[in-house]
Amino acid sequence: MAALKLLLSPARRHYLTKHTTSHFHSPISLTSHRSLSSSSESDPPPPRPFEPIPIQPVSYPVKPKDTPSPPPPDSLRQPPPPTQLSGEAPEPQQRALTREDIRYVKDGPSITPVSYPMRVAPLPEDMVPGQKNDEMEMERRRIEAEDQLRARMVRAVEDEKMKVPFPLLIRPKQKEKPPVLDLMEAIRQVKANAKAKFDETIEAHIRLGIESKRTELAVRGTVILPHGAPKAVSVAVFAEGAEAEEARAAGADIVGGKELIEEIASGNNKLKVDKCFSTPGMAPHLGKIAQYLRKRRLMPDKKLGTLTNDISGQLKELRQGRLEFKMESKSILHAGVGKVSYKDESLRENIGAFMNAVLLAKPAGLKKTSKYAGYVLSVHICSTMGPGFPVSIQSLSKAADNYKKMHVV
């Protein structure tokens, strides 16, 4: 009944509003309606136009919350999910979040770092014989390609450097080695280049093929130059008695015994001489000044003929042109063999005598394949202020042989 009232109420309201509005706008229609209506008492009276119609509320029963739903039929039932093992993690009910999604989720799960196994290059020992290791071959090719690329880059940089203008384009000129000359030609060249105002000394420089550390193979000796030494030598003699008188008669500059040694030891005498001679009887007393003499290369030595009883004979040879030579630390011999004012033949004979003495002083430990092979490597001659000129070994050997024929009996 209530539902029927609700359905009729909108139609009735629509009808009343339509007719009431028409009554308001047309008062004639109202009078005509009244005149045409019957006066019978059986007809119901017309409804009031402005009478409100009450609306009754409709209530529905509340559905209980905990009411169990009836089970579905067997045809609509789904199979149960598979049982999970104890060690397995439960499957997620929704889509798993990616690492990008987790960055924007608040209080999301932490991102665990991912670790990868370390790659170790295989060693040749780990390879199975007869089986080719592809990884090692690829690594070898990669390294070769990197090396080639690096070499090309270095080559390109060097090419760019070569394209840079002045001053890198100008390369320093390398000194060309002068040609080896004959002995007589070298002497003439030395004289032509000696332009000093004084009489220059002509020097000979010999490079030996001996290790400087091997002291047992040290080369040293003496030679009397046929045309005299180029330098005047001052001499001091340690002797007493008759030997001292002989030394003074032979032309010694300083002669003394124990008194001279005491003066040198106390510092009163500087002993400014070029050579020192001594008799064997004075050798024990030289210990006080041995260090002083060794520093100045004045210590008397029996091998050099400066420690001898024949003082007068040694001094005579010294005045005639006696020359002493000794190998230095760089395996080089230096000697003055004459003056620029000497004749060419005189210089040739002096150089021949010096080379003959060098051959006589050759150590016994060297291989004796030939005269100069492995012993004398090169020889240069020069003046005091002039350039040096290389001399051929063949011409030096001829000069030494000529001196030996003429002066050695």
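The values are calculated or read from the model by the stated rules, or taken from the named source; none is laboratory data. Small disclaimer: the values here were computed from a predicted structure and weren't measured. Using ideal geometry, Cβ is built from the backbone for each residue, glycine included, and neighbour counts are taken over all protein chains shown.
General observations
To keep it simple, each residue is scored yes or no on (1) among the polar types (S, T, N, Q); (2) touching a Phe, Trp or Tyr at 6+ places or on another chain (Cβ under 9 Å).
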site	(1), (2)
Ile206	no, yes
Thr222	yes, yes
Lys231	no, no
Ile261	no, yes
Asp274	no, no
Ala283	no, yes
Leu293	no, no
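- Contact annotation: residue pairs with Cβ atoms under 7 Å, 6 or more positions apart or on different chains, pairing a residue in the range 359-375 that is outside any loop (DSSP other than H, G, I, E, B) with a partner that is surrounded by 14 or more Cβ atoms within 10 Å (Cβ to Cβ) and at pLDDT below 80, are Leu359/Lys371.
- Breaking point among (1) outside the structural domain of Ser392 (by TED's automatic domain parsing); (2) loosely packed, with under 14 Cβ neighbours inside 10 Å, for Gln314: (2)
- Some residue of the range 326-348 being in the same structural domain as Thr215 (by TED's automatic domain parsing), within 18 Å of Arg207 (Cα to Cα), in contact (Cβ under 8 Å) with a residue 60 or more places away in the chain and assigned to a helix (DSSP H, G or I): no
- Candidates Ala194, Ala186, filtered to the one that is at pLDDT 85 or above, closer than 29 Å to Tyr375 by Cα and of a type in the set (Gly, Ala, Ser): Ala186
- The range 343-372 - residue that is of a type in the set (A, V, I, L, M, F, W, C) and in contact with a Lys or Arg (Cβ under 8 Å, 6 or more places away or on another chain) and, of those, nearest to His407 (Cα to Cα): Leu359
- Across the range 218-266, the number of residues qualifying as of a type in the set (Gly, Ala, Ser) and without any contact (Cβ under 8 Å) to a residue 12 or more places away in the chain comes to 4.
- Qualifying residue in the range 351-367 (condition: of a type in the set (S, T, N, Q) and either surrounded by fewer than 19 Cβ atoms within 10 Å (Cβ to Cβ) or at positive phi (or both)): no
- Complete set of residues in the range 218-273 that are acidic (Asp, Glu) and assigned to a loop (DSSP other than H, G, I, E, B): Glu240, Asp253
- Residue count for the range 281-302 satisfying the condition of being in contact (Cβ under 8 Å) with a residue 24 or more places away in the chain and over 20 Å from Gly221 (Cα atoms): 8.
- Scanning the range 344-373 for residues being of a type in the set (Phe, Trp, Tyr) and more than 15 Å from Ala399 (Cβ to Cβ) gives a total of 0.
- Only residues that are assigned to a helix (DSSP H, G or I) and touching a Phe, Trp or Tyr at 6+ places or on another chain (Cβ under 7 Å) were counted across the range 208-217, and they come to 0.
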